[in-house]
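First comes the structure, then the notes that go with it.
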Ligand SMILES: Nc1ncnc2c1ncn2[C@@H]1O[C@H](COP(=O)(O)OP(=O)(O)OP(=O)(O)O)[C@@H](O)[C@H]1O
Ligand SMILES: O=C(O)C1=C[C@@H](O)[C@@H](O)[C@H](O)C1
Ligand SMILES: [Mg+2]
């Protein structure tokens, strides 16, 4: 039996990985989607960490804010370990459909998790203008991995450094700065159809 495989989305925080994974799976029959940040939250909830119910409309308990609290409580290293374990859990899930994986914004720095993602190619790097991303991030408050004294500067430095990693690790780069979520999903489908999109390697193709 042919086992359906994976497709992975990477990119900086708020590049649209989760939104695009949802839209891609809606538009692409035979696929499902999953979010590693969400699995991290579910794992934490199993350990008793207070996690929001999806229906909660309290601003203090949105998944993004709980994830932020978890990151703060665990620290960078333990969070990276959780990300690795979450991804391992994803790979062990029984599945009938091709799985589109939306990763967390820091996965490029998590070498153990990146090793697991070798199984989950093709990897599409959603590349966006860091200034646009910082605007989106700041609208929701400053995340704990940025310098509170210089959030914009620290994000732009992080973005520059990570951009090189994302490019190296991915098979495809989609410049999403001026695209809607729907257009990004369509661009990925087009690239996928064009290339068969299964050959590992540094991102060369650009939409
Ligand atoms: N192409 C786009 N155009 C405009 N807004 C977008 C686009 N993609 C995502 N957004 C908005 O940016 C915010 C973050 O989107 P999303 O959660 O999908 O990003 P993400 O890459 O998964 O972020 P994170 O790294 O925090 O998980 C949301 O408010 C979403 O509506
Ligand atoms: O960019 C980052 O380092 C992160 C992004 C989020 O998706 C979370 O995975 C976490 O807050 C770390
Ligand atoms: Mg996300």
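Order of 91-98, 63-70 by packing, highest average Cβ count within 10 Å first? Could the numbers behind the result be given before it?
Details: 91-98: 11.2, 63-70: 17.6.
Order by mean packing, descending: 63-70, 91-98.
With each label point set 7 Å from Cα along the Cα-Cβ vector, what nm distance links residue 118 and residue 32?
If labels sit at residue 118 and residue 32, their model points lie 2.6 nm apart.
Regarding the range 130-188, what's the average projected area of the Cα-atom convex hull, expressed in nm²?
Taking the Cα atoms of the range 130-188, their convex hull projects to 4.7 nm² on average.
Where a number appears in this text, it was derived from the coordinates with a stated rule and is not lab data. As the structure is a prediction and not an experimental result, all values here were calculated from the model. Reconstructed Cβ throughout: ideal geometry from the backbone, glycine too, with neighbour counts over all protein chains shown.
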